[in-house]
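All of the numbers you see were taken from the coordinates with simple rules; none came from a lab. Here the structure is a predicted model, which means the values were calculated and not measured. Positions of Cβ are generated from backbone atoms using ideal geometry, with glycine treated the same way; all protein chains shown enter the neighbour counts.
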Amino acid sequence: MSSTTASLGNCPECGAEIAAASKLIEYERTDGTTGVYAECDQCRTVVTPK
């Protein structure tokens, strides 16, 4: 088992790292790429991780 936690990226609002466990929804965009919405544990905002 890995000791590192998977990350979705960083919050565009506060810069905090967003853990994969914070993912709320994953969807396919019209251009075929995947989009994600997640809740930032620091600022409690729903964001698209960067």
Taking segment 1-40 and keeping residues surrounded by fewer than 11 Cβ atoms within 10 Å (Cβ to Cβ) and among the aromatic types (Phe, Trp, Tyr) leaves Tyr27
Testing Glu13 on (1) under 10 Å from the mean Cα position of the chain (by Cα); (2) assigned to a loop (DSSP other than H, G, I, E, B); (3) charged (D, E, K, R), one condition comes back false. Which one is that?
(1)
All positions within segment 25-42 that are among the hydrophobic types (A, V, I, L, M, F, W, C) and either under 14 Å from Gly9 (Cα atoms) or in a loop (DSSP other than H, G, I, E, B) (or both)
Val36, Ala38, Cys40
